[in-house]
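Notes follow the structure.
The values are calculated or read from the model by the stated rules, or taken from the named source; none is laboratory data. Not measured: the values here are computed from a predicted model. For neighbour counting, all protein chains shown are included, and Cβ atoms are generated from backbone atoms with ideal geometry for every residue, glycine included.
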């Protein structure tokens, strides 16, 4: 996790809220973090879904007591007229799972 990523910032906020200053040795991609954990180089704090994607047989995940929220957005290329597929996808999101999404 690079310092400019939202997951890094979220983790930093969680530590600050707990009054903890972690000793961050390095940051990296999710699969590299899990590999480092598997060879006893430390521990990792990462999204559970990523852990299951890159899981090593000798690592385990422990869920946090309270799961933090991470905002997710839809990004698409600005165009004078979005493609039919983009328009349909945005309409689906707007009617199914999102609030106040403009297309």
Name the pairs: first residue in the stretch 80-95 and on the phi < 0 side of the Ramachandran plot, second residue part of a helix (DSSP H, G or I) and surrounded by 12 or more Cβ atoms within 10 Å (Cβ to Cβ), Cβ to Cβ under 8 Å, at least 6 apart or on different chains? 82/90
Residue hits (the stretch 1-13; more than 14 Å from residue 30 (Cβ to Cβ) and modelled with pLDDT under 75) are 3, 4
Verdict on residue 47 being in contact (Cβ under 8 Å) with a residue 40 or more places away in the chain and assigned by TED's automatic domain parsing to the domain that holds residue 5: yes
Does the stretch 58-73 contain any residue that is modelled with pLDDT of 85 or more and in a helix (DSSP H, G or I)? no
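Within the stretch 74-97, which residues are loosely packed, with under 10 Cβ neighbours inside 10 Å and at pLDDT below 80? Working first, answer last.
Of all residues in the stretch 74-97, those loosely packed, with under 10 Cβ neighbours inside 10 Å come to 75, 77-81, 84-85, 95-97.
Correct list: 75, 77, 78, 79, 80, 81, 95, 96, 97.
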Among (1) modelled with pLDDT of 85 or more; (2) under 14 Å from the mean Cα position of the chain (by Cα), residue 16 falls short only on (2)
